[in-house]
Amino acid sequence: MSKLSRRDFLKGLAASGTVLSTGGLLARMPMAAAQDMVEVTYATPGGAVEDAAWEPVWEAFNEENDAIQANYLAVGGGYGPQYLQLLQAQLAAGTGPDVFFVMDGFTVGFAARGVLVPIDSYVDANPDVDLEDNYPGHIAALRWQDQLWGLPRDGAPYATWFNADIYDEAGIDYPHGLTWDEYLEQAIELTERDDRGRARVIGGGRGAWIDWIWQAGGDVLNEEGTECLMGEAEAIEGLRFAQSLVIEHECAPSASDLADQNEGALFTSGRMASFTIARGFLGAVCNTPFRFDAALPPAGAVRVGRTNVGPTVMSSDTADRDAAWELLKFINSSRGQTLKISSGYAYPSRRSVVQEDWYVNFTCGNAIGTGLNTVFNDIMENGWARTWPQHPRWPEISTVINSELDALYSGDKSAEDVGTGIAEQVNAILAAE
Amino acid sequence: MGGLLLIHDLFKPKRLSFWESLNAWIFVAPWILGFILFTGGPILASFVISFTEWDIVNPPVWFGLGNYELMLRDPLFFQSLKVTTIYALVAVPLQIVVGLFIAMLLNTKIRLIGLYRTLFYLPAVLPIVSVAVMWRWILSRDWGLVNWFLSLFGVNGPGWLSEPEWALPALILMSLWGVGSGMLIYLAGLQGIPTDLYEAAEVDGAGRWATFIHITLPMISPVILFQLVVGLIAAFQVFAQPFIMTQGGPQNSTLFYLLHLFRNAFEFFRMGYASALSWVLFMYIAVLTLLIFRFSAAWVFYEGEIKNE
C-alpha cells in the first residue's frame with residue numbers, strides 16, 4: 001500500500017469538502033415542481049399527545065389548499081419559558097415560524113415588540129371568519145391598542161374538578177356552584193391530616209390566586225394598565241381568603257404539600273378532593289381510578305374565574321402573509337378546532353363546536369356526569385370567565401406577585417402586607433415603562 | 001491550548017516553512033473557528049450587548065451604562081448575589097472537607113475497594129435533573145428520608161424546600177451528592193504522596209493527626225487549591241437545582257444569580273441587562289479567584305518548594 005503524503009491527504013480533504021458542500025447546496029435547491037407551493041409553518045410547544053392531536057388538522061388543510069403547504073413545528077420546551085426562549089431564538093435568527101402559539105400573558109409583549117402582524121384587515125376582508133362565533137372574552141383578550149393580534153385556537157376556562165369518591169365517602173354533596181363560605185366549610189370537612197399534620201386528604205386546591213382577587217371584586221391592574229390595584233381592599237380580601245384556606249384552616253395544600261407534588265398530582269393521586277383547572281386536564285384525570293366530574297368554581301362577591309385563550313398569531317417576518325393568514329384562519333375555524341379537539345381534551349373557543357354531538361356526548365374514564373362538557377360552556381356563556389391582564393411587562397409583574405404569594409401562603413406576611421407589597425413593586429415596574 | 005502552542009511555536013526563532021505553517025493552521029483551524037464562533041465571539045458580543053437594551057427580535061438600542069446603573073437599584077440582583085455567595089462560601093469548603101474525608105477512607109487497601117470507589121463516584125455521573133427530582137422527595141417534610149431519620153431522634157424536621165430559612169441549607173446539603181468527582185481527584189493526589197515521607201514521620205513518632213496536618217495536607221494542598229477554584233466557579237454557576245426544585249423560592253430564598261440572569265434574559269427578554277449581569281458575575285468570580293491565588297502562597301506547598309517560616 002502506497003503511503004499517503006500529508007499534502008495528498010489535505011488535497012483529498014479539500015476535494016471531499018467541495019463535493020459535500022456542492023451536494024448540500026443541490027439538496028437545498030427547491031425542485032422546479034415545488035416552486036409554486038408556498039410553505040407556512042405553525043409552531044407550538046408540542047409533545048407526543050399534542051403532535052398526534054394536530055395531525056388531522058394539517059392533513060385537512062393541505063388537502064384543501066393546493067397552493068399552500070402547512071408544516072407543523074413542535075418547538076419543545078413545554079408550556080413554559082423554555083418554549084418562548086426557543087421561539088425567540090428562531091425569530092431573532094430569521095428562521096421563525098409563520099404562525100405560532102403564544103402563552104397567555106405574553107401576546108401583548110410580542111405585539112409591543114413588533115413581532116406580530118395585526119390581523120384586523122384580514123378579518124374584515126374575510127366574513128367567513130365569523131368572529132362572533134368565538135367567545136367574546138377570548139377575542140377581547142387578543143385585542144391591544146385597538147388592534148386584533150391573533151385568533152384563539154381553543155379556549156380554556158377553569159372549572160372545579162372533584163373526586164366524587166372522596167365526597168361520597170364523607171357524605172358531602174358535590175361542589176356545584178358553591179359560595180366561598182360553603183366551599184370553605186366543605187374543604188374543612190373533607191380534609192384529613194394526621195397528628196403530625198401530614199395530609200391524607202386535602203379538602204381543595206389553593207385555586208388560581210387571581211380568581212380569589214376577582215371573586216372578591218378586586219383586580220391586579222387598572223384598565224389602562226398604569227396602576228396596580230393589589231393594595232385595594234377588595235384584592236386584600238381575596239388574598240385574605242386564599243391565605244385562610246392554607247394557614248388558618250389548613251384545608252388547601254401547604255408549601256410543604258406542594259414541594260412534594262403539584263396540585264394536579266395531588267388530585268390525580270387521590271389526595272385532594274377538588275381543584276380548579278382547565279378542561280385540558282381531562283388528559284390526566286381520565287386515567288384515574290376514582291370517579292370524577294367538573295363543577296362551577298366557587299363564588300365570592302362575584303362569580304368569575306380565569307380562562308386561557310390559546311393565542312395563535314402571525315409573525316411579522318412571514319414571507320407570505322396571505323398564506324399565513326389562511327393557516328391561522330383554518331386553525332381558528334370550527335373545522336380546525338373540531339379536528340384538533342375531537343382527538344384531544346381542550347375546550348373550543350367557538351360556540352358552534354361546543355354544540356356538536358361529539359363534544360356534547362364526550363365522556364371518558366370514570367366520569368360520572370356531563371359536567372365535564374356543560375360546565376365550561378356555562379362559564380363562558382354567562383360571562384363568568386376573565387382572561388389574564390394584558391401588559392407588555394406581565395412576565396415581570398407575575399414574578400413579583402408569585403414571590404410575594406410565597407410569603408402569603410407561608411403565613412410570613414399578612415394579606416395586607418402582601419397586597420401593598422405587590423402594589424408597591426408592580427407600580428415601580430409600571431413607572432419604569 | 002492547541003492554538004497557544006502553535007502561536008508559541010510560530011514565534012520561536014526557528015521559522016517554519018510556509019507549507020509547514022499552512023498545514024499547522026489548517027489543522028488547528030477547527031478549534032480556532034469553534035472558539036471564535038461559539039466562545040470568544042459570544043463573550044465579546046455579550047460585553048457590547050450589556051451596554052444596550054435588546055429584546056432579541058428588535059435591533060439593540062444603545063443604553064450606555066444604564067444596565068449597570070439599573071443593577072444597583074435592583075433588589076433581586078443583591079438578593080441573588082447574596083444567595084449565591086452564601087452557597088459558595090458554605091458549599092465549597094464543605095465539599096472539600098467531605099470529598100477529602102471520603103478520599104482518605106478510600107485510600108486504603110481493603111477488599112472490594114474498587115467497588116466502594118465506584119459507588120462513591122457514581123452519584124457524580126447521574127443526570128442533574130433526575131437527581132434534583134429525587135432530592136425533592138428525600139427532602140420532603142412529610143415523607144422524606146431526611147426527616148424520617150431526624151424523627152428517630154425525636155426531631156420534627158422542617159419543610160426543607162418550603163421554608164425560606166431552610167431552602168438554601170437544603171440545596172447546600174444536596175450539593176454533597178456530587179463530591180464523588182472531587183473525591184477522585186483527592187484520591188489521585190493522596191496516592192501521589194511519596195510513602196517515604198510517612199515512613200519518616202512514623203520514625204519520628206508522629207501520630208495520625210500530626211501526619212495528616214504536616215504531611216498529607218501540605219502535599220495535597222495544590223489539589224485543594226485546584227478544587228477550591230473549580231468548586232467556586234461551579235458554585236457561582238449553579239442553575240439546574242434551584243430551577244427544578246424551588247424556582248428561586250420560597251420568597252426568593254434560593255434565587256441564585258444565574259436563575260435571576262436567566263429570567264431577565266429568557267422570560268423578560270432583557271438581554272442587555274442579562275448580559276450586564278453576566279459580566280458582573282464574571283468580574284466577581286475573577287476577583288475571588290485572584291484573591292484565592294494571591295493568598296494561596298501561604299498555604300499551598302509545591303513538591304520541592306522550601307518556604308521561609
- Message: I'd like to know if the range A:388-406 contains one or more residues that are within 14 Å of chain B (Cβ to nearest Cβ), free of Cβ contacts under 8 Å to residues at least 12 places away in the same chain and touching a helix residue (DSSP H, G or I) at 6+ places or on another chain (Cβ under 7 Å).
- Response: yes
- Item | Boolean, B:PRO93 is part of a helix (DSSP H, G or I) and open to solvent by 50 Å² or more (accessible area, probe 1.4 Å) | yes
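Within the range B:112-124, can you find the residues that are assigned to a helix (DSSP H, G or I) and free of Cβ contacts under 8 Å to residues at least 40 places away in the same chain?
B:ILE113, B:GLY114, B:LEU115, B:TYR116, B:THR118, B:LEU119
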- Residues being over 21 Å from the mean Cα position of the chain (by Cα) and in a loop (DSSP other than H, G, I, E, B): count how many of those fall in the range A:66-95. 5
- Query: Out of all the residues in the range A:281-292, is one or more more than 23 Å from the chain's Cα centre (by Cα) and surrounded by 22 or more Cβ atoms within 10 Å (Cβ to Cβ)?
  - Reply: no
- Task: Take A:ASP130 and decide whether it is surrounded by fewer than 23 Cβ atoms within 10 Å (Cβ to Cβ) and out of contact with any Leu (no Cβ under 9 Å at 6 or more places or on another chain).
- Result: yes
- Query: Pick from the range B:240-265 the residues that are in a loop (DSSP other than H, G, I, E, B), closer than 28 Å to B:THR52 by Cα and open to solvent by less than 30 Å² (accessible area, probe 1.4 Å): which of them is farthest from the other protein chains (Cβ to nearest Cβ)?
  - Reply: B:PHE256
- Can you name every residue in the range A:284-338 that is modelled with pLDDT under 95, among the aliphatic types (A, V, I, L, M) and under 30 Å from A:GLY96 (Cα atoms)? A:VAL309, A:ALA319
- Inspect all residues belonging to the range B:48-59 and state whether any of them is under 18 Å from B:TRP279 (Cα atoms) and part of a helix (DSSP H, G or I). yes
- Check on B:ILE285, more than 19 Å from B:ALA132 (Cβ to Cβ) and either of a type in the set (A, V, I, L, M, F, W, C) or in contact (Cβ under 8 Å) with a residue 40 or more places away in the chain (or both): yes
- Message: Can you tell me how many residues within the range A:96-111 are within 10 Å of chain B (Cβ to nearest Cβ) and either in a loop (DSSP other than H, G, I, E, B) or surrounded by fewer than 19 Cβ atoms within 10 Å (Cβ to Cβ) (or both)?
- Response: 2
- Query: Is it the case that the range A:152-172 has a residue that's open to solvent by less than 10 Å² (accessible area, probe 1.4 Å), touching a helix residue (DSSP H, G or I) at 6+ places or on another chain (Cβ under 7 Å), aromatic (Phe, Trp, Tyr) and not assigned by TED's automatic domain parsing to the domain that holds A:ASP130?
  - Reply: yes
- Message: Every residue in the range B:14-57 that is loosely packed, with under 14 Cβ neighbours inside 10 Å and either touching a Cys at 6+ places or on another chain (Cβ under 7 Å) or among the polar types (S, T, N, Q) (or both), please.
- Response: B:SER17, B:THR39
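The values are calculated or read from the model by the stated rules, or taken from the named source; none is laboratory data. If you're wondering where the values come from, they're calculated on a predicted model, not measured in any experiment. With ideal geometry, Cβ positions are generated from the backbone for all residues, glycine too; neighbour counts draw on all protein chains shown. Remember, those area values only see protein heavy atoms, side chains included, never the ligands or the DNA or RNA. Shrake-Rupley method; radii C 1.70, N 1.55, O 1.52, S 1.80 Å.
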